[in-house]
Amino acid sequence: MRQLIISCSLSPKSHSALLAQCLSDEITNLGDEIHLIDLRKLELPFCDGDACYAHPNVQTLQAAIKEASAITIATPIYNFETGGGTRNAIALGGNAFNGKVIGFLCAAGGENSYMAVMGLANSLMLDFRCIVVPRFVYASGAAFTNGRLSEPKLEGRQMVMVLAPR
Ligand SMILES: Cc1cc2nc3c(=O)[nH]c(=O)nc-3n(C[C@H](O)[C@H](O)[C@H](O)COP(=O)(O)O)c2cc1C
């Protein structure tokens, strides 16, 4: 099973990108193949529902999604929702998401936005018939110290449960 992580934050000090890297390391340690796309490196255009789909980086994103059976979306939480960059990436990925298993890694400032992924999860389920893993990682700022993940409960077991239950 080829797994893909899309790290959607554009922040240079992104916490969700740290979560993405932790999950990537865990999956590699399990001996599975993992492809990590960091949207700070793969610059995407805004979705205009038209010419954007011919952009080479959009085609790279769509190809990676099509190749994967399971996809983790690592996302910042903005305004009690997933960030705009995340939703832009989903719009650009479009039908490539059809039928995929989707997990979430969320980085938020506080504890109260834990339902922020629900709108996007509903859209993935209804638009693209995705199977959304009903357990996901939600890490507030308190889970990080000096730019590192410092919450032991988020290391190992729970991270791996997102995509590689064994
Ligand atoms: C514009 C903006 C809106 C935010 N809204 C929320 C929010 O509604 N709830 C929350 O818990 N944190 C909120 N935060 C804090 C971010 O979720 C937090 O900084 C998180 O680390 C962002 O993910 P990242 O580090 O991967 O970019 C917001 C931050 C910004 C910049």
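Annotations
- Test: residue in segment 54-64 that is small (Gly, Ala, Ser), farther than 23 Å from Tyr114 by Cβ and touching a residue at least 60 places away in the same chain (Cβ under 8 Å): yes
- Odd one out for Thr86, checked against (1) in contact (Cβ under 8 Å) with a residue 40 or more places away in the chain; (2) away from the ligand (no atom under 16 Å from the Cβ); (3) in contact with a helix residue (DSSP H, G or I) (Cβ under 8 Å, 6 or more places away or on another chain): (2)
- Restricting segment 125-154 to residues that are closer than 19 Å to Tyr78 by Cα and among the aliphatic types (A, V, I, L, M), the residue that is surrounded by the most Cβ atoms within 10 Å (Cβ to Cβ): Val137
- Filtering segment 9-26 to residues that are within 8 Å of the ligand (Cβ to nearest atom) and either part of a loop (DSSP other than H, G, I, E, B) or over 14 Å from the mean Cα position of the chain (by Cα) (or both) leaves Ser9, Leu10, Ser11, Lys13, Ser14.
- Qualifying residue in segment 100-110 (condition: more than 16 Å from the ligand (Cβ to nearest atom), basic (Lys, Arg) and free of Cβ contacts under 8 Å to residues at least 60 places away in the same chain): yes
- Where helices (runs of 4 or more DSSP H) sit wholly within segment 65-166, those with at least 1 residues that are modelled with pLDDT of 95 or more occupy 84-93, 118-128.
- Residue match in segment 89-97 (condition: in contact (Cβ under 8 Å) with a residue 60 or more places away in the chain, among the aliphatic types (A, V, I, L, M) and more than 13 Å from the ligand (Cβ to nearest atom)): yes
- Filtered residues of segment 44-81 (kept if within 16 Å of the ligand (Cβ to nearest atom) and either of a type in the set (S, T, N, Q) or over 20 Å from Asn98 (Cβ atoms) (or both)): Thr72, Ala74, Thr75, Pro76, Ile77, Tyr78, Asn79, Phe80, Glu81
- Check on Gly49, more than 18 Å from Val137 (Cβ to Cβ) and assigned to a helix (DSSP H, G or I): no
The values are calculated or read from the model by the stated rules, or taken from the named source; none is laboratory data. Owing to the predicted nature of the structure, the values given are computational and were not obtained by experimental measurement. Heads up, the Cβs are rebuilt from the backbone with ideal geometry, glycines too, and the neighbour counts pull from every protein chain shown.
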